[in-house]
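Here the structure comes first, spelled out in structure tokens, and everything after it is commentary.
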Amino acid sequence: MTTAIIGTGGIGSVIARRLASGGEALRLSSADTESARTLAAQIGRAAVVAAGNRDAVQGAGAVVLALRFAVLKGVIDEIADPLTDKLVVVPSNPLTIDAQGNVSRVLPKGQSSGKVVAGWLPTGARLAMAFGTLPADHFESASNRSPEPAVLFYATDDDRAGEEVERLIRTAGFEPVKAGGIEQSGRLEVGGDLHGLVVGPAQAQSLIGAA
Ligand SMILES: NC(=O)c1ccc[n+]([C@@H]2O[C@H](COP(=O)([O-])OP(=O)(O)OC[C@H]3O[C@@H](n4cnc5c(N)ncnc54)[C@H](OP(=O)(O)O)[C@@H]3O)[C@@H](O)[C@H]2O)c1
């Protein structure tokens, strides 16, 4: 199966490496192409560099938008047509970082990026919020954990998207656990109760049930 990864920075590069090591074929794109090219060279034959964001999506069944929140809408608008009938996976937190490195939230308290992104997508795109719950270094170290796999939580309103994102999560070396519909996606984001946790399936289920 082929997945497009748009954005090959801190989290996109780790997602790409984990998916490729699980056997997924990748089409990569980034803002200036250089970071996508460097990452593709590290990954090897499983990854190809696309000619741009629209080209990355062509021929892929799923798209991971590993982008900062501020550029998400612009990229979605750029690739809207080819997104129709694809799984769209978004790990983005609703944060911005200023020149001094100060991080601040860009959405009002209580409004999740999942809810906002759902409103930006074209009809037919199947959204799953996933792959953004762990910092990149924890993501890398927790994948393929044994004997008990680590969990990645996800949120979606779409059953087919749920099946598709579960396959990707397993391919990346984690056990998928659904937190709920997109209205629950705030729990996955920075500040949410499910963010940053490296837990096994039983603990994950009890956290879901406890809410
Ligand atoms: N880093 C983490 O540990 C982590 C963990 C969980 C969730 N997240 C979330 O994931 C999102 C991305 O974070 P990050 O740390 O990976 O950011 P990042 O390191 O700044 O990477 C962003 C990537 O987006 C690319 N990009 C920017 N504009 C683009 C455009 N118009 N078209 C295509 N690609 C474009 C950049 O391309 P260039 O490389 O060419 O500049 C870069 O590869 C954020 O919302 C963050 O909250 C991050």
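So the values come out like this:
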quantity: Odd one out for residue 56, checked against (1) open to solvent by 20 Å² or more (accessible area, probe 1.4 Å); (2) near the ligand (Cβ under 9 Å from one of its atoms); (3) at pLDDT 95 or above; calculated: (1)
quantity: The stretch 134-161, subset of a type in the set (S, T, N, Q) and open to solvent by 70 Å² or more (accessible area, probe 1.4 Å), residue farthest from the ligand (Cβ to nearest atom); calculated: 146
quantity: Qualifying residue in the stretch 100-122 (condition: free of Cβ contacts under 8 Å to residues at least 60 places away in the same chain and within 22 Å of residue 204 (Cα to Cα)); calculated: no
quantity: Residue identified as at positive phi, modelled with pLDDT of 95 or more and not polar (S, T, N, Q) among 196, 132, 200; calculated: 196
quantity: Residue 71 in contact with a Gly (Cβ under 9 Å, 6 or more places away or on another chain), at pLDDT 95 or above, surrounded by fewer than 23 Cβ atoms within 10 Å (Cβ to Cβ) and over 18 Å from residue 160 (Cβ atoms); calculated: yes
quantity: Every residue from the stretch 19-40 that is of a type outside the set (A, V, I, L, M, F, W, C) and either in contact with a Ser or Thr (Cβ under 9 Å, 6 or more places away or on another chain) or more than 16 Å from the ligand (Cβ to nearest atom) (or both); calculated: 21, 22, 23, 24, 27, 29, 30, 35, 37, 38
quantity: Per-region count, the stretch 84-133, residues surrounded by 20 or more Cβ atoms within 10 Å (Cβ to Cβ) and within 13 Å of the ligand (Cβ to nearest atom); calculated: 15
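The values are calculated or read from the model by the stated rules, or taken from the named source; none is laboratory data. The structure presented is a predicted model; accordingly, all values stated were derived computationally and were not measured. Counting neighbours? That spans all protein chains shown, and the Cβs are built from the backbone with ideal geometry, glycine included. We work out accessible area using only protein heavy atoms, side chains counted, and drop any ligands, DNA or RNA first. Shrake-Rupley method; radii C 1.70, N 1.55, O 1.52, S 1.80 Å.
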